1. When the residues of segment 95-122 are filtered to those that are touching a strand residue (DSSP E or B) at 6+ places or on another chain (Cβ under 8 Å) and assigned to a loop (DSSP other than H, G, I, E, B), which remaining residue is farthest from residue 2 (Cα to Cα)?
2. Across segment 1-19, what is the total count of residues that are without any contact (Cβ under 8 Å) to a residue 12 or more places away in the chain and not in a loop (DSSP other than H, G, I, E, B)?
3. Please go through segment 123-133 and give me each residue that is part of a helix (DSSP H, G or I) and crowded, with 16+ Cβ neighbours inside 10 Å, ordered by number.
4. I'm trying to understand the selection: among the residues of segment 28-42, which are surrounded by fewer than 17 Cβ atoms within 10 Å (Cβ to Cβ) and either touching a helix residue (DSSP H, G or I) at 6+ places or on another chain (Cβ under 6 Å) or not in a loop (DSSP other than H, G, I, E, B) (or both)?
5. Return the pair list, or none, for Cβ contacts closer than 6 Å from residues in segment 64-90 that are on the phi > 0 side of the Ramachandran plot and modelled with pLDDT under 95 to residues that are surrounded by 10 or more Cβ atoms within 10 Å (Cβ to Cβ) and not in a helix (DSSP H, G or I), at least 6 apart or on different chains.
6. Go through (1) under 22 Å from residue 126 (Cβ atoms); (2) touching a helix residue (DSSP H, G or I) at 6+ places or on another chain (Cβ under 7 Å); (3) surrounded by 15 or more Cβ atoms within 10 Å (Cβ to Cβ) for residue 62 and report which single condition fails.
7. With respect to the numbered conditions (1) under 22 Å from residue 147 (Cα atoms); (2) over 15 Å from the mean Cα position of the chain (by Cα); (3) not in a helix (DSSP H, G or I), which one is the sole condition not fulfilled by residue 82?
8. Residues being assigned to a loop (DSSP other than H, G, I, E, B) and in contact (Cβ under 8 Å) with a residue 12 or more places away in the chain: count how many of those fall in segment 43-62.
């Protein structure tokens, strides 16, 4: 068991589920967003909420896989930013469920690390385990802020 890994997992939980110092968590921000809002592009040339959620899910999975020793493989654009092909309400719900599932898997992976190993880079990585775990939290919060702004820009804030 690792005190530091526990602390990182706590920060993941706060950022994703709530009781975060910065404000609304990712789950709280996504709670009232409809498929219509998620698919809207209120800022031309910017990603949609849906695209951002796909991208965030991809990077939670990618970090988890890299922490598990899978090699670094550069992601092509269509994998880094998967396109939305089904704009139904059920597809949006599935997208949010996928994000939540990947968050839980990543949090469990974080809890697996011991303090003494957090400073190590996994094979083929230039970042340490500690940096990757903190980085994925930062990445999620960066995109959560974008989602909150895009939600307001749709003019349909609930």
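The values are calculated or read from the model by the stated rules, or taken from the named source; none is laboratory data. Computed from a predicted model, the values in this text were never measured in an experiment. Note that we place each Cβ from the backbone using ideal geometry, even for glycine, and neighbour counts take in every protein chain shown.
1. First, pick out the residues of segment 95-122 that are touching a strand residue (DSSP E or B) at 6+ places or on another chain (Cβ under 8 Å): 118-121.
Cutting the leftovers down to assigned to a loop (DSSP other than H, G, I, E, B) gives us 118-120.
Working: 118: 9, 119: 13, 120: 14 Å.
Among those residues, the one meeting the criterion is 120.
2. The first filter runs over segment 1-19 and keeps only residues without any contact (Cβ under 8 Å) to a residue 12 or more places away in the chain, leaving 7, 10, 14, 17-19.
Retained after the next criterion (residues that are not in a loop (DSSP other than H, G, I, E, B)): 7, 10, 14, 17.
Final tally of qualifying residues: 4.
3. Going residue by residue through segment 123-133, those that are part of a helix (DSSP H, G or I) are 129-133.
Scanning segment 123-133 gives 129, 130, 132, 133.
4. Pass one, segment 28-42, residues surrounded by fewer than 17 Cβ atoms within 10 Å (Cβ to Cβ): 28, 31-32, 34, 36, 41-42.
Hits for segment 28-42 are 28, 36, 42.
5. Between residues of segment 64-90 that are on the phi > 0 side of the Ramachandran plot and modelled with pLDDT under 95 and residues that are surrounded by 10 or more Cβ atoms within 10 Å (Cβ to Cβ) and not in a helix (DSSP H, G or I), the close pairs are 69/122; 69/123.
6. For residue 62, the exception is condition (2).
7. Of everything listed in (1) under 22 Å from residue 147 (Cα atoms); (2) over 15 Å from the mean Cα position of the chain (by Cα); (3) not in a helix (DSSP H, G or I), residue 82 misses just condition (2).
8. Keep residues of segment 43-62 that are assigned to a loop (DSSP other than H, G, I, E, B), which gives 43-48.
Remaining after also requiring in contact (Cβ under 8 Å) with a residue 12 or more places away in the chain: 43, 46-48.
Number satisfying all stated conditions: 4.
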